[in-house]
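These notes concern the structure reproduced below.
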């Protein structure tokens with residue numbers, strides 16, 4: 001999924017994306033998305049300047065609860081860290097396979113204020129760094145293996161990845177220093193897979209069943225990247241609830257020639273492609289899908305987002321709108337919002 005529905009396609013569409021994160025207790029936010037007002041705190045991203053000011057694509061953003069913000073830029077790649085006013089503090093930009101280096105990172109998450117985890121499937125490591133003042137130092141790392149697009153979140157010293165596990169058929173896995181600890185969350189059905197041959201069916205299930213992950217105080221939330229399912233498991237993997245989104249148009253698997261795998265989008269109304277899952281206060285989550293009409297949007301095509309507020313206690317949808325900006329990260333009343341326009345960037349706002 002990475003080559004088409006992952007970083008390449010999202011970058012061509014907007015230059016930004018956000019999938020994973022972690023959340024702590026936070027003040028309540030409005031129970032509706034209608035007429036939510038923001039105060040702008042600062043903006044990051046420019047057409048020219050230093051590497052921490054110019055981004056090829058903002059792939060992930062995380063707020064740590066202590067005022068810091070981490071941003072994963074596709075260019076380099078690099079992870080940049082800023083303070084509560086948007087002042088650049090430090091960057092992780094050493095490329096390679098050694099300790100403290102990165103190859104192809106796709107996920108970041110704060111274990112605690114000042115303690116940043118980086119998931120790097122390119123080198124198959126989850127590394128932890130300590131950010132203090134204007135320095136960021138490598139602390140430790142452990143192995144993790146996954147293929148294709150993956151979700152990532154952490155809860156303290158517990159790390160979770162989403163990928164299709166061939167041996168157990170589950171898509172959510174807790175990864176410890178010695179390897180997988182437990183797996184849960186059976187892979188959802190893939191629409192269209194029944195018409196594919198055995199080999200293509202296996203590829204389709206591997207690519208189209210992983211989910212975005214959000215570690216919440218209630219447990220691990222997973223939301224299908226292209227499927228309609230949303231589930232909450234507790235930290236030990238026990239299912240708390242599972243729901244399907246209503247009025248959902250999935251990406252459909254098909255084979256255009258009997259050899260390769262294709263992905264069909266609804267050209268009229270658009271198919272739902274997950275863009276963001278973030279906490280919305282302590283009792284809800286904000287789930288945002290792009291209504292994609294084709295795999296690679298036409299140049300200048302206006303992006304259409306559908307945003308849903310989901311109650312964390314039972315998965316009920318409490319509000320939905322197509323009039324809300326893309327939120328890349330949330331911590332309390334502070335949100336990191338994707339900045340519209342040709343220059344990738346982030347606007348950090350506070351909900352009034």
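The values are calculated or read from the model by the stated rules, or taken from the named source; none is laboratory data. As the structure is a computational prediction, the values presented were derived from the model and not from experiment. Don't worry about glycine lacking a Cβ; one is built from the backbone with ideal geometry, like all the others, and counts go over all protein chains shown.
For residues that are part of a strand (DSSP E or B) and buried (at least 18 other Cβ atoms within 10 Å of the Cβ), tally how many sit in the stretch 150-181.
The initial filter retains those residues of the stretch 150-181 that are part of a strand (DSSP E or B), namely 151-155, 158-162, 170-176, 179-181.
Checking which are buried (at least 18 other Cβ atoms within 10 Å of the Cβ) leaves us with 151-155, 159-162, 170-175.
Of the residues in the stretch 150-181, 15 are part of a strand (DSSP E or B) and buried (at least 18 other Cβ atoms within 10 Å of the Cβ).
Yes or no, residue by residue, for (1) farther than 30 Å from residue 343 by Cα; (2) crowded, with 17+ Cβ neighbours inside 10 Å; (3) without any contact (Cβ under 8 Å) to a residue 12 or more places away in the chain:
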position: 257; (1), (2), (3): yes, no, yes
position: 269; (1), (2), (3): no, no, no
position: 272; (1), (2), (3): no, yes, no
position: 276; (1), (2), (3): no, yes, no
position: 293; (1), (2), (3): no, no, no
position: 315; (1), (2), (3): yes, yes, no
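If the requirement is being at pLDDT 95 or above, farther than 24 Å from residue 265 by Cβ and in contact with a strand residue (DSSP E or B) (Cβ under 7 Å, 6 or more places away or on another chain), which of these qualifies: 21, 65, 45? First the steps, then the outcome.
On the way: 21 fails: at pLDDT 95 or above; 65 fails: at pLDDT 95 or above.
It is 45.
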message = Here's a check for you: in the stretch 343-352, which residue that is over 17 Å from the mean Cα position of the chain (by Cα) and assigned to a strand (DSSP E or B) is nearest to residue 55 (Cα to Cα)?
response = 347
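So which of 192, 185, 114 is more than 18 Å from the chain's Cα centre (by Cα), touching a residue at least 40 places away in the same chain (Cβ under 8 Å) and under 30 Å from residue 251 (Cα atoms)?
Going through 192, 185, 114 in turn, the sole match is 192.
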request  = Answer with yes or no whether residue 71 is within 18 Å of the chain's Cα centre (by Cα), buried (at least 24 other Cβ atoms within 10 Å of the Cβ), at pLDDT 95 or above and over 25 Å from residue 218 (Cα atoms).
outcome  = yes
task = Grab the strands (runs of 3 or more DSSP E) fully contained in the stretch 230-342, keeping just those with 2 or more residues being over 18 Å from the mean Cα position of the chain (by Cα).
result = 239-244, 252-254, 262-264, 317-321
ask   = Taking the condition more than 24 Å from residue 161 (Cα to Cα), surrounded by fewer than 22 Cβ atoms within 10 Å (Cβ to Cβ) and out of contact with any strand residue (DSSP E or B) (no Cβ under 9 Å at 6 or more places or on another chain), does residue 301 pass?
value = yes
